[in-house]
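The values are calculated or read from the model by the stated rules, or taken from the named source; none is laboratory data. Predicted model only: the values in this text are computed from it and were never measured. Positions of Cβ are backbone-derived with ideal geometry, glycine not excepted, and every protein chain shown enters the neighbour counts.
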Amino acid sequence: MDKQGFGGPSEDGERTAWYERQIDWDAVGDRQESADYEEDIDWDAVEEKVDEIINEYDGDSGALIEVLHEVQELVGYLPQRVQVRVADRLGLSVSEVYSVVTFYSLFSLKPKGENHITVCKGTACYVRGAAQLIEELENQLGISVGDTTSDGKFSLEVVRCLGACGLGPVAMVNNEDVFARITVDQVSDMLQQYED
Amino acid sequence: MVTPHRVLVCHETPCVARGAVGLHAAFRREIDRLGLDHVSLEISGCHGHGLCSQGPSVVVEPSGFFYNGIQPPDAEVIVREHLSGGRPVQHLFHRDPVTGRTAARYADVDFFRRQRRVALRNCGRINPEKIEHYVDRGGYGALQLVLSTMRPEDVIELVEDSGLRGRGGAGFPTGRKWRFARRSSSDVKYVVCNADEGNPGAFTDRSVLEGDPHAVVEGMIIAGYAVGARRGYLYIRAEYPLAVRRVQKAIEDARDKGFLGSDLLGSGFSFDLEIKEGAGAFVCGEETALLASIQSRRGMPRPRPPFPTDVGLGGKPTVINNVKTLAFVPVIVDRGPGWFSSLGTPQSAGTAVFALTGNIRYSGLVEVPMGTPLAEIIDIGGGIPDGRKVKAVHTGGPAGGSLPADRLDAPVDYEALQELGSTMGSGGMLVLDEDACMVDVARFFMDFACSESCGQCAPCRLGTGQMVRILTRIATGRGAREDLVLLREVADTVKHASLCGLGQTCSNPVLATLEYFKEEYLAHIREGKCPLGVCEVRASVRPGEQGREFQPGGLPAGGVGANLKGGCP
């Protein structure tokens, strides 16, 4: 079945034309200040892939969230430069793209660590000590929730419910390895597994 | 001729976390090694509802022998002794961790025996990735009946007669909603399944989607036929990747079998489904926000009316139903509306599914007839561990309230719970023992509401932040008696002045604890600390707290909507 969007290029056609007349998008992209972790990115290659993703959705602005999911999968996060590209190709303004990126908690403006730790802070995990677990992880990693360690090895995120309440408190690494009923004492062992 | 056996290894999130994949592989190896042709090995959704903390669990059909908490070496024993030798392995049967009693069969386990499983009828009994299993258990029979013998109006009447009400929390009569959408004149209409189960501590929708996805698909097709829609969307949380995968497979298989696509079963009716993934925003469970999100916009609710049944996706009439609501539909068609309504109370028909969590012996899913007292559900869950006493039961998550121990005779029923200041909610039931601090509980939910507020309307954006500040002040021993007056005032304002359901209900946890546990608030203020020592421990570690100062009267740093990324006080 074909993907079907709402809105879409036809509805927004006029607006797209307006933006294209007003802004030199490549210049906007080039002017972005880049952070350290962005220096190694091959932007041309990334933008080419971004265009491919968008083509799969026929440039439908109603598929913005799907596009952002796929782009984030590709780059690891959503750098400004990529947001500009997405906006351009979908016929949206950068502010519209940015407003969606910042609205949803799964979209990230910063790269994640090699090992991404998510700790559940759902109700059941909370009453069983998730908060202490989070504090211990913050202490041992030396970062706050939402950040990445300076060596890029670990990042820490809190989610609202992984739906494994019977196993709480629960932490998950790289969306694969689940650590159930984890206690503060077990944190260093858990991190050790990913040190190398 | 040897009786065919089917081995079902649970492959839901908790069991996978406890080694179900390795266990499945061990079964495979041993079955192949012994060349047992009469044994089929399958994965299944959750059959250990309530026993998830003791998995991985395995059921051997047709007799329903139930092994739990077993390891790969045990698989070899079971294959050799039970499947090959015909001697079930007693010492590996599920053993109740409390009474020590073993239960040989699934149906003997107390936890299941006392339930009435309707929405969960197939969970754990079939391989959710095989459409044949669903069909074997009568699946898609309702659809065939509907398409061959009923007019759309008949279907709506049948659902109205059954008394089915929305299981997302609000409890709006499903049949009436369908009728509104049917009446809306438009050539294009949509059906949407709301599977944005963001309520922390609820996983009922996930379990249905992972354990019996075809029930939801079938329910949606019937809904589409009833209202005159040709297309439907399932809006599923991106945090549920397994559910997304299973539903995707179900859609494809249903399409292959002719249950989805054009001219279904020769009826002339065409219908197809597509999944839309969320991106992590609790407010998208609110129906108008959900519609915005499906269309790739910020999930901002809008005022109603117009209701989605008139103006929904792309401006077209749209019916939005919860996962469990839709999963009920095929059974109601199969067994008749009278059967369904006889299960519950006059006002609340059918069964209720709860995710039982917190200080309870068996965390997991419980399905009971409406009208069952809360106390009985706790009892089914094995009570409170370690000889402690129950202090409160919280239903409805951030929109609900905590009821004290002396109100647990209250029946599970939309109106009864609402009258007591709680709500049915979408399926979360948190049990708290005497070590829980109710101020902490209120603060947990308010913190949640604050960070999930979309920031669009002032009462919710600012009010939730102010309530978190007041609650934190009280929790950390810096509160004054006047704070309670202020807290109630802010709570009432947010409740009455907010735009959408999130704002209108998020005061409930505060109001209910003020009603039933006021003494605890006073004790914090009087003693200058948390009497149970709970609040201090947790005060320092809330995410989003570090290094951010709330600007009274102003927007959180980052502007509107920044609440979502941890801009709360």
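For this structure, a couple of remarks:
- Qualifying position, being under 30 Å from the mean Cα position of the chain (by Cα), under 21 Å from B:S84 (Cα atoms) and among the aliphatic types (A, V, I, L, M), among B:V60, B:V39: B:V60
- The listed residue being surrounded by fewer than 24 Cβ atoms within 10 Å (Cβ to Cβ) and in contact with a strand residue (DSSP E or B) (Cβ under 8 Å, 6 or more places away or on another chain), out of B:K316, B:K324: B:K316
- Residue check for B:F340: surrounded by 20 or more Cβ atoms within 10 Å (Cβ to Cβ) and farther than 19 Å from A:G122 by Cβ: yes
- Qualifying position, being under 30 Å from A:M172 (Cα atoms), hydroxyl-bearing (S, T, Y), surrounded by 24 or more Cβ atoms within 10 Å (Cβ to Cβ) and touching a residue at least 12 places away in the same chain (Cβ under 8 Å), among B:Y233, B:Y240: B:Y240
- Single residue of B:V247, B:V227 found to be surrounded by 22 or more Cβ atoms within 10 Å (Cβ to Cβ), away from chain A (no Cβ under 14 Å) and within 23 Å of B:S207 (Cα to Cα): B:V247
- Selected residue [within 22 Å of B:T345 (Cβ to Cβ) and either in contact with a strand residue (DSSP E or B) (Cβ under 6 Å, 6 or more places away or on another chain) or without any contact (Cβ under 8 Å) to a residue 12 or more places away in the chain (or both)] from B:R165, B:R121: B:R165
- Some residue of the stretch A:153-160 being farther than 24 Å from B:Y240 by Cβ and surrounded by fewer than 23 Cβ atoms within 10 Å (Cβ to Cβ): yes
- Screening B:L41 with (1) buried (at least 18 other Cβ atoms within 10 Å of the Cβ); (2) under 30 Å from A:C161 (Cα atoms); (3) of a type outside the set (G, A, S) gives one miss only, at (2).
- The lone exception for B:L471 - which of (1) out of contact with any Ser or Thr (no Cβ under 8 Å at 6 or more places or on another chain); (2) touching a residue at least 40 places away in the same chain (Cβ under 8 Å); (3) crowded, with 21+ Cβ neighbours inside 10 Å; (4) aliphatic (A, V, I, L, M) it fails: (2)
- Any hit, the stretch A:22-34, residues being at pLDDT below 60 and within 26 Å of B:S293 (Cβ to Cβ): no
- Selection within the stretch A:54-69 - within 14 Å of chain B (Cβ to nearest Cβ), more than 16 Å from A:Y98 (Cα to Cα) and without any contact (Cβ under 8 Å) to a residue 40 or more places away in the chain: A:I54
- Restricting attention to the stretch A:121-152, the residues that are within 15 Å of B:E239 (Cβ to Cβ) and in a loop (DSSP other than H, G, I, E, B) add up to 2.
- Selection status of B:T513, assigned to a helix (DSSP H, G or I), among the polar types (S, T, N, Q), buried (at least 21 other Cβ atoms within 10 Å of the Cβ) and outside the structural domain of B:P404 (by TED's automatic domain parsing): yes
Per-residue answers, yes or no, for (1) more than 10 Å from every other protein chain (Cβ to nearest Cβ); (2) over 26 Å from B:V21 (Cα atoms); (3) among the hydrophobic types (A, V, I, L, M, F, W, C):
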position: A:A124; (1), (2), (3): no, no, yes
position: A:V127; (1), (2), (3): no, yes, yes
position: A:A131; (1), (2), (3): no, yes, yes
position: A:I134; (1), (2), (3): no, yes, yes
position: A:G152; (1), (2), (3): yes, yes, no
position: A:L156; (1), (2), (3): no, yes, yes
position: A:L162; (1), (2), (3): no, no, yes
position: A:V178; (1), (2), (3): no, no, yes
position: A:R181; (1), (2), (3): no, no, no
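- Some residue of the stretch B:341-350 being hydrophobic (A, V, I, L, M, F, W, C), out of contact with any Gly (no Cβ under 7 Å at 6 or more places or on another chain) and not in a strand (DSSP E or B): no
- Flag if A:Q72 is farther than 25 Å from B:A202 by Cβ and within 13 Å of chain B (Cβ to nearest Cβ): yes
Residues are listed down the side, and each one gets a yes or a no for (1) crowded, with 24+ Cβ neighbours inside 10 Å; (2) over 26 Å from A:V158 (Cβ atoms); (3) within 18 Å of the chain's Cα centre (by Cα):
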{"position": "B:D161", "(1), (2), (3)": "no, yes, no"}
{"position": "B:R167", "(1), (2), (3)": "yes, yes, yes"}
{"position": "B:G171", "(1), (2), (3)": "no, yes, yes"}
{"position": "B:G175", "(1), (2), (3)": "no, yes, no"}
{"position": "B:A181", "(1), (2), (3)": "yes, yes, no"}
{"position": "B:N194", "(1), (2), (3)": "yes, no, yes"}
{"position": "B:G201", "(1), (2), (3)": "yes, no, yes"}
{"position": "B:G211", "(1), (2), (3)": "yes, yes, yes"}
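- Condition broken by B:E367, with the remaining ones in (1) in a strand (DSSP E or B); (2) over 16 Å from B:C437 (Cα atoms); (3) without any contact (Cβ under 8 Å) to a residue 40 or more places away in the chain satisfied: (3)
- Selection status of A:R89, assigned by TED's automatic domain parsing to the domain that holds A:A63 and either over 14 Å from the mean Cα position of the chain (by Cα) or among the small types (G, A, S) (or both): yes
- Conditions (1) touching a residue at least 24 places away in the same chain (Cβ under 8 Å); (2) buried (at least 20 other Cβ atoms within 10 Å of the Cβ): number failed by B:G421: (2)
- Tally, over the stretch B:268-281, of residues that are farther than 14 Å from B:V191 by Cα, in contact with a Ser or Thr (Cβ under 9 Å, 6 or more places away or on another chain) and within 7 Å of chain A (Cβ to nearest Cβ): 3
- Residue in the stretch A:163-179 that is under 20 Å from B:E452 (Cα atoms) and not assigned by TED's automatic domain parsing to the domain that holds A:H69 present: yes
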